[in-house]
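The values are calculated or read from the model by the stated rules, or taken from the named source; none is laboratory data. All values derive from a computational prediction rather than experimental measurement. Positions of Cβ are backbone-derived with ideal geometry, glycine not excepted, and every protein chain shown enters the neighbour counts. To get the accessible areas, we keep the full protein, side chains included, count just its heavy atoms, and leave off ligands, DNA and RNA. Shrake-Rupley method; radii C 1.70, N 1.55, O 1.52, S 1.80 Å.
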Amino acid sequence: MTRTTRLVATGAAALTLLAGCSTTVDGTPVAQGAGDSNTEFDKLLQECVAVPDDKIAETVQADVVDQYFFGAVCMWTGSSPSGIIDVTFAWYENNSLGRERSLAEELDYAVEPVTVSGTSAFLSRRPGDSGSCGITATYSGTVTWWVQYRGGTVDPCEAATRLAELTLQRNQ
């Protein structure tokens, strides 16, 4: 048997095997829950607009910010005369402040309890990184804003706290 004949025979055998394993299903496909009016997830994938881009830029003192990642974690980068600024926002619906604080402490971050817009929160800083600061607050789970200035002398905790305030005020 030639090589070509073997390839054709192998291909035919594979098609016969696949055809024998296929099944035809009659009817119309319907997604489970189709037609239900569940509004629990009506703002899914809208977390990234908790604070508009122009307000983020103003808050972190950037000329402009560009969002480059969407999802459970949203990320922007901005620029100012003093350098590049990274901004991150995360909202975890089924999370607790205690869990987030424990994780920060495990990473040896400096943690400081605070209140933002009447809500329990904490600030966190990476060891040896005065240009970065995050704030995590309670809101239907937790929200976290993290600001990192790669240059300059702007207080990142002030900007992160203001972004948390804007988020909580908008969603009250």
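The set of residues from region 118-141 being at pLDDT 95 or above and within 13 Å of residue 89 (Cβ to Cβ) comprises 134, 135, 136, 137.
If you go through region 124-151 and keep only what is within 21 Å of residue 61 (Cβ to Cβ) and either in contact (Cβ under 8 Å) with a residue 60 or more places away in the chain or open to solvent by 20 Å² or more (accessible area, probe 1.4 Å) (or both), you end up with 125, 126, 129, 130, 144, 146, 147, 148, 149, 150, 151. Exactly one residue out of 44, 7, 18 is open to solvent by 100 Å² or more (accessible area, probe 1.4 Å), at pLDDT below 65 and within 18 Å of the chain's Cα centre (by Cα): that is 44. Residue 65 meets the conditions (1) among the β-branched types (Val, Ile, Thr); (2) without any contact (Cβ under 8 Å) to a residue 40 or more places away in the chain; (3) surrounded by fewer than 18 Cβ atoms within 10 Å (Cβ to Cβ) in every case but one. The failed one is (3). Here is the figure for region 74-107: residues that are buried (at least 20 other Cβ atoms within 10 Å of the Cβ) and at positive phi total 0.
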